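Novice: One structure, as structure tokens, below. Some questions next.
The values are calculated or read from the model by the stated rules, or taken from the named source; none is laboratory data. As the structure is a prediction and not an experimental result, all values here were calculated from the model. So basically every Cβ, Gly included, is an ideal-geometry build from the backbone, and we count neighbours across all protein chains shown. Note: areas computed on protein heavy atoms with side chains; ligands, DNA, RNA excluded. Shrake-Rupley method; radii C 1.70, N 1.55, O 1.52, S 1.80 Å.
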Amino acid sequence: MSKVIVAEDLCYSYSRDTGYSFELRSINIEITKGSFVSVIGRNGSGKSTLIKLLAKQFGSYSGNIFLEGKNINEYGKREFAQKLAYLPQNVSVVNEGIEVVDLIMLGRYPAKGALEFVNTSEDRKIVHECIEQLGIGEIAFKKFGEISGGQKQKVLIALTLAQLDISSDLHGKVFIVDEPLTFLDVNHQYEVFNLLKAFNKRGLTVISVIHDLNIALKFTDICLLMNNGSVVKLDNTEDVITEEMLREHFLIESRITEFEKNFFINYLT
């Protein structure tokens, strides 16, 4: 199958005033078009830094990143936004008084030209499709500050997917999301990942940082394990998340069992 994202000899480093420094070293990965990828690893392993680089959030790196065979630095802002959307872990700057439908409409602006300021009928159609697909019609005209945490996460996903136009063919498009389960109850966690899986089945490549390894086992087909700024392994999820891997990289004993074609991690004390 064709590759949608390729990173070659990717290196990136930064330091802070506190004296903390971090480095990604010689990252070489290939992400297959239409895959659902979980990015896992202990805190500080470089997961969020890597996906931010892939999403063109940082520019001062060495090496190359390609999206559908084209270096991401050769993409214009609009063209890139139509192919790849990124949802960070913390979206703190949201006006709590804005209506949900208007917030989702903001997702259309990255894909517009510099002089396009008016929402078109096509924009409204795409936003309506996002609202319908994510099942948030009952809160569309509520203020963002009035809805629950689980609903907020679905709205933010809708906001990001509006950028990609989910009413069109999703093959070759990429959605990168950093830990979408933060502060969500178990039912909302599964609801969010069932939604992401549904879009993935329509051809959307999904790359997600995931801390819950049982979620990764259940929903993702490819897993990328990171440790100390390097890629340890990129392979089928069940071949990456193993008892040996948990022992070596997460320092925990476990037993992985299979039930009705699903794998479950039993953490041992």
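Novice: In segment 215-263, which residue that is under 23 Å from the mean Cα position of the chain (by Cα) and farther than 16 Å from ILE40 by Cα is most open to solvent (accessible area, probe 1.4 Å)?
Specialist: PHE263
Novice: Separate question: The conditions are (1) closer than 21 Å to TYR86 by Cβ; (2) modelled with pLDDT under 90; (3) surrounded by fewer than 21 Cβ atoms within 10 Å (Cβ to Cβ), and VAL192 fails exactly one of them. Which is it?
Specialist: Unmet condition: (3).
Conditions (1) under 13 Å from VAL231 (Cβ atoms); (2) over 17 Å from the mean Cα position of the chain (by Cα), marked per residue:
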| site | (1), (2) |
| --- | --- |
| ILE27 | yes, yes |
| ILE31 | yes, no |
| VAL37 | yes, no |
| LYS52 | no, no |
| GLY59 | no, yes |
| ASN64 | no, yes |
| LYS77 | no, yes |
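Novice: Kindly indicate whether ASP178 is surrounded by fewer than 17 Cβ atoms within 10 Å (Cβ to Cβ) and not polar (S, T, N, Q). Quick ask: steps written out before the conclusion?
Specialist: Working: surrounded by fewer than 17 Cβ atoms within 10 Å (Cβ to Cβ): no; not polar (S, T, N, Q): yes.
Taking the combined requirement at face value, the residue does not satisfy it.
Novice: Within the bounds of segment 208-219, is there any residue that is of a type in the set (Ser, Thr, Tyr) and without any contact (Cβ under 8 Å) to a residue 24 or more places away in the chain? Don't jump to the end; show me each part of the working.
Specialist: Here is the first cut: in segment 208-219, the ones of a type in the set (Ser, Thr, Tyr) are 208.
Then keep just the ones that are without any contact (Cβ under 8 Å) to a residue 24 or more places away in the chain; that gives none.
Checked against the condition, which is being of a type in the set (Ser, Thr, Tyr) and without any contact (Cβ under 8 Å) to a residue 24 or more places away in the chain, segment 208-219 yields no hits at all.
Novice: Restrict the check to segment 28-43 and report whether at least one residue is assigned to a loop (DSSP other than H, G, I, E, B) and surrounded by fewer than 17 Cβ atoms within 10 Å (Cβ to Cβ).
Specialist: yes
Novice: Would you tally the residues in segment 1-42 being at pLDDT below 90 and of a type outside the set (Ser, Thr, Tyr)?
Specialist: Residues flagged as at pLDDT below 90 and of a type outside the set (Ser, Thr, Tyr) within segment 1-42 amount to 5.
Novice: Answer with yes or no whether LYS56 is open to solvent by 10 Å² or more (accessible area, probe 1.4 Å) and touching a Phe, Trp or Tyr at 6+ places or on another chain (Cβ under 9 Å).
Specialist: Yes; evaluated as a whole, the condition is true for this residue.
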